[in-house]
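Structure record follows, encoded as structure tokens.
Readers should treat all values here as calculations from the given coordinates under stated rules, not as data from a laboratory. From a predicted model like this one, the values you see are computed outputs, not experimental measurements. Every residue, glycine as well, gets a Cβ built from its backbone with ideal geometry; the counts of neighbours run over all protein chains shown.
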Amino acid sequence: MVSKSQNNKIEEDKDIQQPNQQKSFVYLILNNPAFSALIFLAIFFSIVSDRFFSVNNIINIFTQVSITAIIAFGMTFVITSANIDLSVGSVLAFAGMIFMALSVAGIPVFFGLLITLGIGALIGLFDGFVVTFFKLPSFIATLAMMTIARGLALLMRGGTTISQGVQPSYYWFGQSKIAGIPFPVIALIAIFLVMEFLMSRTTFGTYTRAIGSNPEAARLAGISNNRILIIIFAIVGICSAIAGVITASRLGVGSPVTGQMKELDAITAVILGGTAMSGGVGTIRGTFVGALVVTILNNGLTIMGVSSYWQQILLGLVLIGALAIKKFQR
Amino acid sequence: MNNLVEMKNIHKSYDGVVALKGIDFQIGYNEVVGVLGDNGAGKSTLIKIISGVHSFDKGGMYIKGVKINPKKHSVKSAHDMGIETVYQEKALAEKQALWRNVFIGRQITNKLGFLNIKKEKEETDKIMRDLMKFRGIGVGADSIIRTLSGGERQGVAISRAMYFEADLVILDEPTMALSLQEVKKVLNFIQSIKEKGKSCIYISHNIANVYPVSDRFVAIDRGKIVGRFNRKDISLQKLSEGLIEYTEKVTQNKQEEKG
């Protein structure tokens with residue numbers, strides 16, 4: 001029992017224990033339900049299918065996870081700020097179409113990439129502007145953007161794909177390998193490191209959490225909430241555009257119907273990773289684990305021959321389950 | 001000019017609603033001023049103008065003799081001029097760790113702008129040891145604000161103001177939702193501000209709390225200053241009776257206007 005005496009200095013100093021000091025990386029991971037789910041799924045699929053635990057399939061999983069995870073990293077900032085972005089899947093498709101159209105137009109790949117990412121950023125800035133200046137809930141603003149971006153993607157070639165006359169250099173982002181590792185995996189790791197750093201080691205990450213936790217307190221502390229929110233939406237826009245570039249580049253085709261329901265994958269990954277729907281709490285590494293769970297679930301079920309219809313149903317149940325578990329933990 | 005803050009004929013309205021209608025307000029060096037008034041009287045607007053959260057529409061404000069440009073005054077520039085504000089209840093990000101809250105809005109960063117988390121935690125521990133006197137109660141730099149009591153939270157907010165060495169500490173309803181013991185701690189803190197030669201603006205509904213620690217009182221009603229008193233000249237009883245009388249008169253007038 002801690003005494004309130006003020007004289008016994010030695011005893012008091014001993015009592016200045018930090019209860020959470022043992023929060024090492026391992027501790028954080030073990031405390032993350034998504035990590036347990038990851039291990040469970042990996043063991044389960046290894047037992048039921050001999051094809052699951054092979055070098056090829058593991059590389060395959062990491063390639064597949066890259067698209068979901070890159071979007072989910074941006075989404076982590078959005079949800080941590082107590083907002084949501086439903087337009088990521090449509091922006092992915094639109095960015096893929098733009099990227100391939102630029103290729104057909106003969107633009108060098110470097111500029112093609114820059115312009116595509118710039119358009120992703122612009123879409124995000126627009127979302128952020130609508131949310132901050134018109135004070136629209138992000139749910140509605142990005143729902144509108146979801147249909148706008150999808151409409152634009154479909155409009156570009158009258159609903160058809162872009163596959164003829166694409167410069168080979170444009171395939172590099174999806175199909176090349178460096179030292180045997182597919183480029184999407186390298187991009188995934190690089191973006192993970194940048195985002196992890198941004199979230200945990202910069203004032204920007206701190207402000208993101210502060211806004212999600214208590215926007216009024218953030219404002220009173222002199223933080224420009226609107227500016228931070230607009231940047232957050234721009235980041236998720238860029239992330240979606242990167243995912244669009246990788247998707248189109250991998251398929252070798254710009255398709256206006258890619259990325260459907262990608263927002264569900266990304267949001268599920270973020271929630272599984274421990275980010276609070278109500279904002280204020282979120283980690284990028286948690287999201288990474290969450291994205292792996294979502295991808296392994298899809299990959300394993302596909303290997304087992306479970307239809308994609310059932311996969312959709314299961315993913316929805318996983319999302320509800322993850323949120324329900326959180327309620328119980330309170 | 002011998003005043004720390006001097007406000008002359010300050011007007012402020014939001015979206016057509018007039019909050020302040022020509023306020024003249026001064027606070028000197030080493031002075032504690034209690035600001036009294038009902039909800040919506042304009043107390044919060046007044047202090048948010050001083051602390052840089054809101055700008056003003058008309059009038060002049062001087063801090064330490066420097067004329068303030070309402071368009072350029074911000075929370076940051078108020079901080080730089082030694083003005084710290086402790087807001088009622090919701091001034092802390094509840095899901096965040098204590099150390100993040102202490103440095104919110106002015107993080108310790110290295111040359112590249114990256115957070116120096118180690119330094120921030122060390123400083124927070126120092127603040128808790130030296131200023132908050134949180135000892136042996138299981139509160140640490142990593143504690144989440146949500147897990148603290150109302151008094152502890154207020155302690156964090158007040159210590160934050162002390163740590164940044166304010167010349168003027170503004171307290172907005174600091175004793176709301178606190179236990180009697182915790183109220184006493186806050187009052188002691190105000191006394192210590194005065195002893196250190198600093199100034200304090202203390203806003204509260206509770207006249208009994210404001211009275212013993214303040215040098216002067218200012219009563220605000222519907223955007224105007226309606227009374228100024230020195231503690232030397234007026235007893236607590238007379239002050240509260242006077243304010244009650246005023247309120248009754250105002251209500252009567254209103255009813256007559258309507259009738």
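With a cut-off of 12 Å between beta carbons, the residues surrounding B:Ile220 carry a summed charge of +2, where Lys and Arg count +1 and Asp and Glu -1.
Across q = 0.10 Å⁻¹, region A:189-330 modelled as identical point scatterers on its alpha-carbon atoms has Debye log10 I(q)/I(0) values of -0.42, in the order of the q list. The lysines whose alpha-carbon is closer than 25 Å to the alpha-carbon of B:Lys111, local same-chain residues fewer than 8 away aside, are B:Lys76, B:Lys119, B:Lys121, B:Lys126. Ranked for footprinting exposure by Cβ neighbours inside 10 Å, fewest first, A:Asp85, A:Asp50, B:Asp142 give A:Asp50, B:Asp142, A:Asp85. Around the Cα centre of chain B, unit charges on the Cβ atoms of Lys, Arg, Asp and Glu (plus for the first two, minus for the last two) sum to a dipole of about 640 debye.
If you take all other residues with their beta carbon under 15 Å from the beta carbon of A:Cys239, and give Lys and Arg +1 and Asp and Glu -1, the sum is -4. A 21 angstrom limit on the alpha carbon distance is what I want to check against. Which of B:Lys198/B:Lys224; B:Lys8/B:Lys71; B:Lys118/B:Lys185 exceed it? In this structure, B:Lys198/B:Lys224; B:Lys118/B:Lys185 lie more than 21 Å apart at Cα.
The string of couplings for region A:309-324 from the Karplus curve (6.51, -1.76, 1.60, θ = phi - 60°) is 5, 5, 4, 4, 4, 4, 4, x, 5, 4, 4, 4, x, 4, 5, 5 Hz, one whole number per residue in order, with x for Gly and Pro.
Within chain A, the ratio Rg/Rh, alpha carbon atoms throughout and Rh by Kirkwood, equals 1.03. Summary value for chain B: 26 percent relative contact order, contacts being C-alpha pairs under 8 angstrom separated by 6+ residues. Cβ-to-Cβ counts within 10 Å put B:Glu122, B:Glu248 in ascending order as B:Glu248, B:Glu122, the fewest first.
From the residues A:Ala276, A:Gly120, B:Ser149, which one has its Cα farthest along the dipole of the protein assembly as shown in the positive direction, the dipole being from +1 and -1 charges on Cβ of Lys/Arg and Asp/Glu about the Cα centre? Of the options given, the answer is A:Gly120. Net charge dipole, region B:18-164: roughly 420 debye, given to the nearest 20, about the Cα centre with Cβ charges of +1 for Lys and Arg and -1 for Asp and Glu.
For chain A, the residue among A:Leu92, A:Leu301, A:Ala42 whose Cα projects farthest onto the positive side of the dipole built from Cβ charges is A:Leu92. In terms of surrounding Cβ atoms within a 10 Å radius of their Cβ, B:Asp38, B:Asp125 rank from fewest to most as B:Asp38, B:Asp125. The residue list B:Asn101, B:Tyr62, B:Val32 was ranked by how far each Cα lies along the charge dipole of region B:12-122 toward its positive end, using unit charges on Cβ atoms, and B:Asn101 comes out on top. Counting only aspartates and glutamates at least 8 places from B:Lys21 when in the same chain, those with an alpha carbon closer than 14 Å to its own are B:Asp57, B:Asp221. If we count chymotrypsin sites (Phe, Trp or Tyr not before Pro) as exposed when they sit in a DSSP loop and have at most 14 other beta carbons within 10 Å, what is the longest stretch of chain A that avoids them all? Between the exposed loop sites, the longest stretch runs A:135-330.
With contacts taken as Cα pairs under 8 Å at a separation of at least 6 residues, region A:195-315 carries a relative contact order of 24 percent. A Cβ-based charge dipole, computed about the Cα centre of the protein assembly as shown with Lys and Arg at +1 and Asp and Glu at -1, lands at about 500 debye. Local charge sum around A:Met199 (other residues, Cβ-Cβ under 12 Å, Lys/Arg +1, Asp/Glu -1)? Result for the local shell: +2.
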